[in-house]
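Here's the structure, in structure tokens; my notes come after.
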Amino acid sequence: MISSKYIAVITTAAMLFSLVLCGFIVYAANSFDTIRIPQYQQELFGEEVVTIDIQVSEEDWQDLLGNAQAKEWISADLVINGQRFSTIGIRTKGNSSLSMGSRMGDSYDGNYSLQFKANKYVKGQTFYGLDVFCVNNMIGDATYMKDYIAYDLMSYIGVATPLNNYASVTVNGEDYGFGIMLERYEQSFLERVYNTASGQLYNVKIGMGMRGDFEDLRQSAVNSFPGRRTDVNHTDFPAVPDGTAEQGEGTTEVPNIPRGERPQGGGFGGMGSMGGGSLVYTDDDPGSYSSVLDNAVFNNNSDSDKQRVITALKNLNAGTDLEEYIDVDATLRYFAAHTVVVNLDSYTSNMAQNYYLYERDGVLAILPWDYNLAFGGMSFGGTSGATDVVNFPIDTPVSGVSMEDRPLLNKLLEVDEYMDSYHEYLRQIVEGYFESGLYESRIRELDTKINDYVKNDVSASYTYEQYEASLPHFIELGRLRAESIKGQLDGTIPTTSSGQSADTSSLIDASSITLSALGSMGGQQGGEARQPGGMGGMDMIETELMQPAMQVLMEAGGEVTSEVRDELLELGLTDEQIEILTHMQGRLPGGGNERGLPNAMPERDANAPGGMGRPDMNNTIGVVMSTDSHTSYTALIVVLLMILAGATAFVAKSKAR
């Protein structure tokens, strides 16, 4: 039996050992959280441009190109940075380039965006642990950076974003194109960011049957900027420097409704109201939300899964128990960043698409997607459009619809606490991302990284000279956008569309910026792509011809008779441009980077409005340990604490004796 004089010493030593071991476990767990990263993040989303060679039979490749809109899978081998991956699934993706290519037939030389799935044909195969990624073309983006910067900004403010990089793609050794490479929202993403594979992802987009009205919707969104006017007789347009008419103005009759205000007789929620993309609750029928529920990423989307989404939407629209059904803080961060970059091809316009919903345990979170038309890419014209984009109001950041038509935004901003948080995130973005110089330095870093690739890009929609000329405009646009947001936050600039329409005197003047220099939805406006082939190379319609040409086509009811063709030719259009114009109304636009100075990332508020729990943003630098590992640590700590408690009781009992 142990002598009583040693009991206290032994017990004290055991207690100290247990305390030290507990501390080490906590330290080790936290360290692993921020140091370990998935292999695919290191291999594919580092500082170097990725090289991808698609090794495929000529027959299969031509089948893919010839039936691009079908988005059917083919099998091929990939050599990524010298590493071979066999029997990979490849298909086309996107909408606008697919639609244009199919309508133009053999005359279309553009490259399509591509999606790559490792386990399509080989179960369990991955790209270093990544299941799916895509490479998007650069149609509509002369800067080559809109997507990248938008995700970088999202990541900076703490939004869960896909990893991204740039990729140079060849097919059997022949140049195919240069584009942005993105981690897809799939199981790998959930495990990396949320440390779980549970829940369902929904890729919200306009249904195929709704796409014919796209041009009307786009024009409605564009015309909702303050100061713009849509007159069916086209008699009064905003003045544009050098006497150039703004492309796309007046092509369709749209009510002139200030942005963020409901039109008389109720809202016209845009295309999203027809398929549920607006997230407006209508009833309990899953068919009313086809734009959401028909686009589940994982196949096991049960009726109960769908009903959880509908229940969340019902409570969202009623404004009840918001934190029980919505990841409020994540959503506020998303809308803060989204408002900054002004993307009208999104939830906040009448398009109501190009975002993901993540549902887990009945809680919804919105995730960013497809920002190639951000920074005013769906707007037209020169200095007038730039001023509209720069001053886009932060408290009614919608276009073509009313705030009530977008409940995920509106219902949150109706709550004072949430509005304050939203404003605070905007201020953090302005001060930490723009005023700090991070925005400009990121653009210059990217230019250093991709400049040579852009110069030699056979798929370019814009010339190399246009690319270089776009960057000063891009930098200035960001600077002035931040200046306007700061003025809106400080009360010197109106924060709503009605306030800005009533008083334009305080708006930031952006007449130094030519918005079209950054690229726009139709691709290159004037000039020719550098080489045949590639994602551009099309005989695009000059800005000054677009409005009168669309007017002629509209007056003819969309039918191009021989008389209409002659009239268009007299305007100066070519036969190819007439073909493009004929099919424009069937077009639809297609589809973060963790590397943004982690020390500069705003702190997460432990008391921030709740939801499903914060995504682990350390995991955009590293990756959290598995659930099993955390469970093991927790169990061990509990055992050690029980030992401590027992030892303490034993010592107390011994002293009592």
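Here, each number is a calculation from the coordinates, and none is a lab measurement. In this text, all values refer to a predicted model and were calculated from it rather than measured experimentally. For neighbour counting, all protein chains shown are included, and Cβ atoms are generated from backbone atoms with ideal geometry for every residue, glycine included.
Treat the count of other C-beta atoms within 10 Å as a stand-in for reagent exposure and order 149, 508 from fewest to most. Could the numbers behind the result be given before it?
Details: 149 24, 508 19.
If I rank by nearby Cβ atoms, fewest first, I get 508, 149.
Using 19 Å as the Cα-Cα cut-off, could you pick out the over-long pairs in 411/486; 93/123; 93/120; 71/120; 146/486; 205/306? Please report the intermediate quantities before stating the final value.
On the way: 411/486 24 Å; 93/123 22 Å; 93/120 16 Å; 71/120 14 Å; 146/486 22 Å; 205/306 17 Å.
Over 19 Å apart, Cα to Cα: 411/486; 93/123; 146/486.
Stretched out fully, how many nm does the piece from residue 17 to residue 314 gain, at 0.36 nm a residue minus the Cα gap? If you can, show how the numbers build up before the last one.
Values: separation 297, 0.36 × 297 = 106.92 nm, distance 5.36 nm.
Going from the current span to full extension adds 101.6 nm.
If packing is taken as the mean number of other Cβ atoms within 10 Å per residue, what is the order of 564-574, 130-140, highest first?
130-140, 564-574
Only counting other Cβ atoms within 10 Å, I'd like 331, 196, 396 sorted with the fewest neighbours first.
On the way: 331 22, 196 15, 396 25.
Ordered by Cβ neighbours within 10 Å, fewest first: 196, 331, 396.
Could you tell me, in Å, what Rg and Dmax come out for the Cα atoms of the stretch 369-522?
For the stretch 369-522, the Cα radius of gyration and maximum Cα-Cα distance read 16.9, 51 Å.
Can you figure out the FRET efficiency of residue 559 with residue 77, using R₀ = 41 Å and their beta-carbon distance, to the nearest 0.05?
Numbers: r = 47 Å, r/R0 = 1.15.
E(calc), rounded to 0.05, equals 0.30.
Label-point separation (nm) for residue 170 and residue 468, each offset 7 Å from Cα along Cα-to-Cβ?
Each label point is offset 7 Å from its Cα along the Cβ direction, giving 2.6 nm.
Defining a contact as two alpha carbons under 8 Å apart and six or more residues distant in sequence, what relative contact order in percent does the stretch 374-505 show?
On the way: 74 pairs, mean separation 50.2, N = 132.
Across the stretch 374-505, relative contact order equals 38 percent.
Would you order 430, 415 from fewest to most other beta-carbon atoms within 10 Å of each residue's own beta-carbon? Please report the intermediate quantities before stating the final value.
Working: 430 22, 415 16.
In order of increasing Cβ crowding within 10 Å: 415, 430.
What shape does the stretch 297-358 have by the C-alpha gyration tensor, where a ≥ b ≥ c are the square roots of the eigenvalues, rounded means a/c under 1.5, and otherwise prolate means a/b greater than b/c and oblate the rest? Don't skip to the end; give the middle numbers.
On the way: a/c = 2.08, a/b = 1.39, b/c = 1.50.
Note, shape of the stretch 297-358 comes out oblate.
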